[in-house]
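One structure below.
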Amino acid sequence: MADNIGNRQSKEYYMDVPPPSDGFFVKGLGHSDWGIKNRLSRIFNPDSGNTVMLAFDHGYIMGPTSGLERLDVTIAPLIPYVDVLMGTRGAVKTCIPPSAGKAICLRATYDTSVLFDDMTAGNGMGVDIEDAIRMNVSALAVQTFIGSSGERDSLGTLCRYIDVGDRYGIPVLGVVAVGKHMERTTEFFMLATRILAEHGASIVKTYYCDDFEKVASVCPVPLVIAGGKKLPEDEALTMAYRAISEGAHGVDMGRNIFQSEAPAAMAQAIGKIVHHDFTDKEAYEYYLQHKEAPGE
Ligand code: 5RP
């Protein structure tokens, strides 16, 4: 059995060797079923290979977060500027028009709220697969707590969703949560993202960190980065730019878009980095130019 005693430190990441493509454009998923590939092609843009996901699932543990008090008012106008809408069943059903025409990544787990002592205590299956199919979702998002008290519990939830997702052709996005007392090191993110991919997640959501290219290199499926706490717009764009330049295949951002002074302009500026090779500086210029008149 593999254990943690006397292991040799891993050090060869083959960053200059391209991952196998198997003729399908999404990293590592060439051997997936047709339905999974079809849904992945709604998530990742076949031209750029990348995705802009808008995360607005915060309310399921945080209640009415700033910027998400009224999803119909604040999120619906951003729909044209993103590829994927990531929300809970209740948020999607009440505030996203079924005609929106965008891929849905459904937050499928129930987790503990901000009122609970240990927010990494574990989770379970909050949405039945039949309801996910009825909603025609393109992916199921599952929170995990590697290195925290809820590790086993959340990996169990991840595995169950991957099993049912595989049965019906729905990919699972595994989310790396970081416990309050854990450090955001390269080593942690390499370990956590790889664990989720090895369990069968088709996409892994993580945070940007130092030496991100190592994290991306050893994860056999696409990584998307969360935005985290609100940063000044130029810094958030730099983070997105670095992540994409260092091997991420997209962002799954929330607060740095919907809490921006100009959310639509910010979503579009992020899209310029993710899909159109803009640098962070070019994207910030674009943001400033479109702050007052997004969409032009
Ligand atoms: C946390 C999540 C959230 O969706 C995520 O944090 C994205 O939002 P933000 O960019 O605001 O951090 O997956 O588990």
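The values are calculated or read from the model by the stated rules, or taken from the named source; none is laboratory data. The shown structure was predicted, so the numbers you read here are calculated from the model rather than taken from an experiment. Cβ placement follows ideal geometry from the backbone for every residue including glycine, while neighbour counts extend to all protein chains displayed. Surface areas here come from the heavy atoms of the whole protein model, side chains and all, with no ligands, DNA or RNA. Shrake-Rupley method; radii C 1.70, N 1.55, O 1.52, S 1.80 Å.
Below is a table of values for the structure above.
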quantity: Residue list for the range 215-235, filter: open to solvent by 40 Å² or more (accessible area, probe 1.4 Å) and assigned to a loop (DSSP other than H, G, I, E, B); calculated: Pro220, Lys229, Lys230, Leu231, Pro232
quantity: Options Pro232, Pro220, Pro294: the member that is over 18 Å from Met53 (Cβ atoms) and at pLDDT below 95; calculated: Pro294
quantity: Count of the range 101-125 residues which are free of Cβ contacts under 8 Å to residues at least 40 places away in the same chain and under 20 Å from the mean Cα position of the chain (by Cα); calculated: 8
quantity: Counted residues, the range 13-72 - those being open to solvent by less than 80 Å² (accessible area, probe 1.4 Å), part of a loop (DSSP other than H, G, I, E, B) and within 16 Å of the ligand (Cβ to nearest atom); calculated: 8
quantity: Subset of the range 216-230 (residues that are out of contact with any strand residue (DSSP E or B) (no Cβ under 9 Å at 6 or more places or on another chain) and near the ligand (Cβ under 10 Å from one of its atoms)); calculated: Lys229, Lys230
quantity: Selection count, the range 1-53, where residues are farther than 19 Å from Gly169 by Cα and among the hydrophobic types (A, V, I, L, M, F, W, C); calculated: 7
quantity: Answer residue from the range 236-257, given it is within 13 Å of the ligand (Cβ to nearest atom) and open to solvent by 10 Å² or more (accessible area, probe 1.4 Å) and is nearest to Gly28 (Cα to Cα) among those; calculated: Met239
quantity: Output for the range 261-271, where each listed residue is crowded, with 23+ Cβ neighbours inside 10 Å and either within 16 Å of the ligand (Cβ to nearest atom) or more than 20 Å from Lys229 (Cα to Cα) (or both); calculated: Met266, Ala267, Ala269, Ile270, Gly271
quantity: Residue within the range 272-293 that is acidic (Asp, Glu) and under 30 Å from Gly150 (Cβ atoms) present; calculated: no
quantity: Options Ile96, Ile75; residue that is of a type in the set (A, V, I, L, M, F, W, C), open to solvent by less than 50 Å² (accessible area, probe 1.4 Å) and in contact with an Asp or Glu (Cβ under 9 Å, 6 or more places away or on another chain); calculated: Ile96
quantity: Among the residues listed as Gly174, Gly165, the single one being of a type outside the set (Val, Ile, Thr), open to solvent by less than 10 Å² (accessible area, probe 1.4 Å) and under 15 Å from the mean Cα position of the chain (by Cα); calculated: Gly174
quantity: Any hit, the range 100-116, residues being under 23 Å from Ser260 (Cα atoms), within 14 Å of the ligand (Cβ to nearest atom), in a helix (DSSP H, G or I) and open to solvent by less than 30 Å² (accessible area, probe 1.4 Å); calculated: no
quantity: Any helices (runs of 4 or more DSSP H) falling wholly within the range 240-295 and containing at least 3 residues that are touching a residue at least 40 places away in the same chain (Cβ under 8 Å) and within 28 Å of Val218 (Cα to Cα); calculated: 263-276
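To keep it simple, each residue is scored yes or no on (1) part of a loop (DSSP other than H, G, I, E, B); (2) touching a residue at least 40 places away in the same chain (Cβ under 8 Å).
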residue: Tyr161; (1), (2): no, yes
residue: Gly179; (1), (2): yes, yes
residue: Met182; (1), (2): yes, no
residue: Leu191; (1), (2): no, yes
residue: Asp210; (1), (2): yes, no
residue: Glu213; (1), (2): no, yes
